Amino acid sequence: MVKSVAVHSVAGFSHPQESSQAAPTATVVATPPVSSGVASGSHIFGYDGAGNLTTDTWTFEGCVYVKTYSYTAGLLSAESDWVVQ
């Protein structure tokens, strides 16, 4: 499933309700396509200073997908869908 969503936290853009600027959009993929039926490709993981996983950048069949993770008080509080770069 692919959907487009407004991106509200991009540097230089404010929330659309706070400004007349239109928010940029990003393509979000709930489950990236895997033609072989087996997840493969390469992953690059990003971590914060506390050692928490913050990003998973996955390159698969020439496409790059990014998933982000957020923490509150050191506990995982949110995980994004895969976003096509």
Which pairs have Cβ atoms under 7 Å, sit 6 or more apart or on different chains, and link a residue in the stretch 51-67 that is closer than 16 Å to residue 77 by Cα to one that is among the polar types (S, T, N, Q) and outside any strand (DSSP E or B)? 67/80
Scan the stretch 45-63 for residues that are at pLDDT 95 or above, touching a strand residue (DSSP E or B) at 6+ places or on another chain (Cβ under 7 Å) and not polar (S, T, N, Q) and jot them down. 45, 46, 47, 48, 53, 56
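The values are calculated or read from the model by the stated rules, or taken from the named source; none is laboratory data. What you see is a predicted model, and the numbers here were worked out from it, not measured in a lab. No Cβ is skipped: glycine too gets one built from the backbone with ideal geometry, and neighbour counts run over all protein chains shown.
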